[in-house]
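Colleague: So that we are looking at the same thing, I have put the structure below in structure tokens.
The values are calculated or read from the model by the stated rules, or taken from the named source; none is laboratory data. Since the model is a prediction, treat every value here as computed from it, not as a measurement. All Cβ positions, glycine included, derive from the backbone under ideal geometry; neighbour counts span all protein chains shown.
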């Protein structure tokens with residue numbers, strides 16, 4: 001068996017991923033990923049982590065708007081829109097910790113392989129507004145029909161309570177198997193013509209939803225006072241262009257904190273060979289390290 005594993009490194013990597021999933025008691029979540037296209041993992045983030053993330057996000061909003069938003073009582077007059085707060089990884093160390101959470105990262109490894117990269121990390125900061133609907137869509141881009149193999153995958157953490165009236169995430173069961181974007185008539189969530197197949201993800205702070213990149217998802221408008229805050233941690237296979245650039249700009253102190261963590265470095269694309277910008281061409285030492293044997 002050992003010799004066979006050496007001959008089939010991707011099988012060995014898959015075995016590692018499945019062993020981790022088994023150790024973390026996540027086997028039932030694999031069936032949900034395969035059948036409905038998403039799975040919910042309860043209580044991933046501690047209360048301390050939630051509070052640190054919320055404070056860091058509120059600091060960013062205050063920097064952008066000049067005012068501190070009360071996430072419990074804010075009305076449309078206080079914050080009547082939905083704003084996406086991008087590139088949060090370097091605002092606070094807490095976002096590094098969230099990205100590396102073991103349970104959702106194990107599910108991401110199953111979907112994308114151990115060689116996947118961080119594509120982006122940000123927050124959909126949603127106030128009470130009728131304009132706060134995010135229409136249903138798939139995160140996969142490119143020609144249709146999509147590959148049945150997930151090219152990208154998302155982890156959506158609830159930092160505040162999720163319900164339909166509070167502007168929750170919505171998912172459409174089985175939509176990942178359609179291998180296409182929804183048509184305009186299928187995209188809407190609110191109103192009498194809203195997609196009746198969409199399921200509101202009613203979550204508590206600290207819960208997360210992990211989904212296959214083809215799965216249709218969106219979010220409802222918030223109908224009650226307060227703010228709906230999430231943290232969207234988006235991952236991509238190693239050959240996919242990421243939404244955010246990290247490879248050459250990771251701060252030295254961040255790299256130092258993770259100096260002995262090869263997985264963190266892969267998520268940051270530190271040793272990615274492509275993207276050379278000089279007449280010398282590729283770094284062949286890095287080319288030799290191109291992902292292999294990582295369940296790719």
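Colleague: Taking residue 193 as the residue in question, decide whether it is surrounded by fewer than 22 Cβ atoms within 10 Å (Cβ to Cβ), modelled with pLDDT under 95 and touching a strand residue (DSSP E or B) at 6+ places or on another chain (Cβ under 7 Å). Break it down into steps so the answer makes sense when it comes.
Modeller: Working: surrounded by fewer than 22 Cβ atoms within 10 Å (Cβ to Cβ): yes; modelled with pLDDT under 95: yes; touching a strand residue (DSSP E or B) at 6+ places or on another chain (Cβ under 7 Å): no.
No.
Colleague: Here is a list of conditions, (1) assigned to a helix (DSSP H, G or I); (2) under 24 Å from residue 263 (Cα atoms); (3) touching a strand residue (DSSP E or B) at 6+ places or on another chain (Cβ under 8 Å), and residue 60 meets all of them except one; can you say which number that is?
Modeller: Of the numbered conditions (1) assigned to a helix (DSSP H, G or I); (2) under 24 Å from residue 263 (Cα atoms); (3) touching a strand residue (DSSP E or B) at 6+ places or on another chain (Cβ under 8 Å), the odd one out for residue 60 is (2).
Colleague: Hey, any hits in the range 91-105 for a residue that's buried (at least 21 other Cβ atoms within 10 Å of the Cβ) and either over 14 Å from the mean Cα position of the chain (by Cα) or modelled with pLDDT under 95 (or both)?
Modeller: yes
Colleague: From the set of residues in the range 160-176 that are in contact with a strand residue (DSSP E or B) (Cβ under 9 Å, 6 or more places away or on another chain) and surrounded by fewer than 19 Cβ atoms within 10 Å (Cβ to Cβ), which is nearest to residue 52 (Cα to Cα)? Spell out the reasoning first.
Modeller: Within the range 160-176, the subset in contact with a strand residue (DSSP E or B) (Cβ under 9 Å, 6 or more places away or on another chain) is 160-173, 175-176.
From what's left, surrounded by fewer than 19 Cβ atoms within 10 Å (Cβ to Cβ): 161, 163, 165, 173.
Working: 161: 16, 163: 22, 165: 25, 173: 33 Å.
Here the residue is 161.
Colleague: Let me ask something else about it. Of all residues in the range 55-87, how many are over 14 Å from residue 160 (Cβ atoms) and over 21 Å from the mean Cα position of the chain (by Cα)?
Modeller: Adding up the residues that qualify gives 14.
Colleague: Mind listing whichever residues of the range 169-194 are under 20 Å from the mean Cα position of the chain (by Cα) and not in a loop (DSSP other than H, G, I, E, B)?
Modeller: 169, 170, 171, 175, 176, 177
Colleague: Is it the case that the range 201-219 has a residue that's free of Cβ contacts under 8 Å to residues at least 12 places away in the same chain and either more than 23 Å from residue 73 (Cα to Cα) or assigned to a loop (DSSP other than H, G, I, E, B) (or both)? Let's see the steps before the verdict.
Modeller: Keep residues of the range 201-219 that are free of Cβ contacts under 8 Å to residues at least 12 places away in the same chain, which gives none.
No.
Colleague: I've got another one for you. Which condition does residue 229 not pass, out of (1) farther than 10 Å from residue 117 by Cα; (2) out of contact with any helix residue (DSSP H, G or I) (no Cβ under 8 Å at 6 or more places or on another chain); (3) in contact (Cβ under 8 Å) with a residue 24 or more places away in the chain, if it passes all the others?
Modeller: (2)
Colleague: Starting from the range 96-125, keep only residues that are at positive phi and part of a loop (DSSP other than H, G, I, E, B), then list their pairs with residues that are crowded, with 24+ Cβ neighbours inside 10 Å and modelled with pLDDT of 95 or more whose Cβ atoms are within a distance under 6 Å, requiring at least 6 positions of separation or different chains.
Modeller: As it stands, the answer is none, since no pair meets every condition given.
Colleague: Let me ask something else about it. Can you name every residue in the range 149-168 that is touching a residue at least 40 places away in the same chain (Cβ under 8 Å) and either assigned to a strand (DSSP E or B) or within 21 Å of residue 113 (Cβ to Cβ) (or both)? Talk me through it step by step, then tell me what you get.
Modeller: Taking the range 149-168 first, the residues touching a residue at least 40 places away in the same chain (Cβ under 8 Å) are 150-162, 164-168.
Passing the criteria: 150, 151, 152, 153, 154, 155, 156, 157, 158, 166.
Colleague: Within the range 242-265, how many residues turn out to be touching a strand residue (DSSP E or B) at 6+ places or on another chain (Cβ under 9 Å) and modelled with pLDDT of 95 or more? Spell out the reasoning first.
Modeller: Step one: of the range 242-265, the residues touching a strand residue (DSSP E or B) at 6+ places or on another chain (Cβ under 9 Å) are 242-244, 246-247.
Still in the running and modelled with pLDDT of 95 or more: 242-244, 246.
Matching residues across the range 242-265 total 4.
Every residue, every condition in (1) exposed (fewer than 14 other Cβ atoms within 10 Å of the Cβ); (2) under 29 Å from residue 92 (Cα atoms), yes or no:
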{"site": "248", "(1), (2)": "yes, yes"}
{"site": "252", "(1), (2)": "yes, yes"}
{"site": "260", "(1), (2)": "yes, yes"}
{"site": "270", "(1), (2)": "no, yes"}
{"site": "278", "(1), (2)": "yes, no"}
{"site": "281", "(1), (2)": "yes, no"}
{"site": "294", "(1), (2)": "no, no"}
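Colleague: Specify the residue that is farthest from the chain's Cα centre (by Cα); the eligible residues are those in the range 262-274 that are touching a residue at least 40 places away in the same chain (Cβ under 8 Å) and assigned to a loop (DSSP other than H, G, I, E, B). Steps first, please.
Modeller: Step one: list which residues in the range 262-274 are touching a residue at least 40 places away in the same chain (Cβ under 8 Å), which gives 263-264, 266-269, 272.
Now narrow it down to the ones that are assigned to a loop (DSSP other than H, G, I, E, B): 268-269, 272.
Working: 268: 14, 269: 16, 272: 21 Å.
For the range 262-274, the residue satisfying everything is 272.
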